[in-house]
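The values are calculated or read from the model by the stated rules, or taken from the named source; none is laboratory data. Quick caveat, the model's predicted, so the values are computed rather than measured. Backbone-built Cβ (ideal geometry, glycine too); neighbour counts: all protein chains shown.
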């Protein structure tokens, strides 16, 4: 799994540790950071992580940020999950429940006035682009680090 430290820091503005120290502390607490790849000045680092299946809560940026907030005793910024106020649809959306005995409840939400535009990059957001374009570099660095017996690489 790939995690961007700049993304983590957006949830943890008071994070006192360097990227290298954070990786070490996460690893000591059972969330293995197998590689650290510098993305250049101002871009933070990319972590190559091994998250075990018993830690599904940590299989995303916010989950890793939550773990770091707990480790360092700092505040975790909440995710904005607000949606526009719901209003009744002018016409019901047609839904047919074929197995009524297996579906005790069905809910849906219609989103109106959504504008889809070009994202500016073929990968979507700059964060997604950063993870995807550094995947090959991270895999290559991880292979070299593994071959040399090192757990962390600062390439």
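Among the residues of segment 5-17, what is the count of those that are surrounded by 12 or more Cβ atoms within 10 Å (Cβ to Cβ) and over 15 Å from the mean Cα position of the chain (by Cα)? Total meeting the criteria: 3.
Among the residues of this structure, residue 24 does not count as one that is over 17 Å from the mean Cα position of the chain (by Cα), within 19 Å of residue 78 (Cβ to Cβ) and either assigned to a helix (DSSP H, G or I) or at pLDDT 90 or above (or both).
Looking across segment 37-63, the residues that are within 16 Å of the chain's Cα centre (by Cα) and touching a residue at least 60 places away in the same chain (Cβ under 8 Å) come down to 43, 46, 48. Of the residues making up segment 88-116, those that are loosely packed, with under 10 Cβ neighbours inside 10 Å and either in contact with a strand residue (DSSP E or B) (Cβ under 8 Å, 6 or more places away or on another chain) or closer than 30 Å to residue 62 by Cα (or both) number 11.
Residues are listed down the side, and each one gets a yes or a no for (1) in contact with a helix residue (DSSP H, G or I) (Cβ under 9 Å, 6 or more places away or on another chain); (2) modelled with pLDDT of 95 or more:
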{"position": "29", "(1), (2)": "yes, no"}
{"position": "41", "(1), (2)": "no, no"}
{"position": "49", "(1), (2)": "yes, no"}
{"position": "69", "(1), (2)": "yes, yes"}
{"position": "85", "(1), (2)": "no, no"}
